[in-house]
Amino acid sequence: MNVTNEDAVQSLAQVEEVMAKTRQSLVSAYAGSFLVLWGFIWVVSYLGTYVFPEWANWIWNISSALGAIGTFFVIRHQFGQGPVKRNPSDKQFLLRTILFWPLVFAYAFVWLSIFKPGNGIEFNAFLVTVIMFAYVVMGRWFDSWLMSTLGIVITGFTLVGFHLVPAEYYCLWMAFTAGGGLLGTGLYMKLRWR
């Protein structure tokens, strides 16, 4: 059987396309649920902080605890009956992602101890941009343009909110741009990337 250069190039292109779809499917299977969960938490928390600014610490502490519990259940589902159970080789993918986040937050708190933000908006903008940097890194790590773009866009929205939006509207701005961005992207991944 003679294989021409054109046939070989076409076959390699098809292999690349299958690999790209597989990566997209993996990212969607794992990231989509987390984006929906945390997007919802951010929307509710930012709106709650906008309406009840005096309760901001309680709102964020409780919602972060609920998010951590929700994250635990999503991970448990993915290990127990989700994509990881169907394809055990995906365990490494999920474990790498799970171990990445504590490191991100450890470094964020190290940097916070050095830079000491002066108010809640500075603290929030710092944490959001650190988290979005992690999304950019994960996007490059897993070859997901959507995750990287999400991180860059929400970072841009955060900078606009921090520098241009009046302080009393910052949380409202972040509810729709940051929380809504995560939630919308997660829903898009869950519904369109099957």
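The values are calculated or read from the model by the stated rules, or taken from the named source; none is laboratory data. All figures in this text were calculated on a predicted structure; none of them were measured in a lab. Positions of Cβ are backbone-derived with ideal geometry, glycine not excepted, and every protein chain shown enters the neighbour counts. Just so you know, the surface numbers come from the protein's heavy atoms only, side chains and all, with ligands and any DNA or RNA stripped out. Shrake-Rupley method; radii C 1.70, N 1.55, O 1.52, S 1.80 Å.
I'd like to know if the stretch 130-138 contains one or more residues that are assigned to a helix (DSSP H, G or I), out of contact with any Pro (no Cβ under 9 Å at 6 or more places or on another chain) and closer than 21 Å to Leu47 by Cβ. Yes, some residue in the stretch 130-138 is assigned to a helix (DSSP H, G or I), out of contact with any Pro (no Cβ under 9 Å at 6 or more places or on another chain) and closer than 21 Å to Leu47 by Cβ. Can you find a residue that is open to solvent by less than 20 Å² (accessible area, probe 1.4 Å), small (Gly, Ala, Ser) and more than 12 Å from Trp42 (Cβ to Cβ) anywhere in the stretch 162-176? Within the stretch 162-176, none of the residues are open to solvent by less than 20 Å² (accessible area, probe 1.4 Å), small (Gly, Ala, Ser) and more than 12 Å from Trp42 (Cβ to Cβ).
Among the residues of this structure, Val136 does not count as one that is farther than 26 Å from Pro102 by Cβ and among the β-branched types (Val, Ile, Thr). When Gly120 is tested against the conditions (1) open to solvent by less than 20 Å² (accessible area, probe 1.4 Å); (2) touching a residue at least 24 places away in the same chain (Cβ under 8 Å), the lone failure is (1). Tallying residues that are in a loop (DSSP other than H, G, I, E, B) and of a type in the set (D, E, K, R) within the stretch 96-122 yields 1.
Which residues, taken from the stretch 177-194, are at pLDDT below 90 and either buried (at least 22 other Cβ atoms within 10 Å of the Cβ) or among the polar types (S, T, N, Q) (or both)? Matches in the stretch 177-194: Met189 only.
A single entry from Met138, Met132 fulfils the requirement of being under 15 Å from the mean Cα position of the chain (by Cα), open to solvent by less than 30 Å² (accessible area, probe 1.4 Å) and at pLDDT below 90: Met138.
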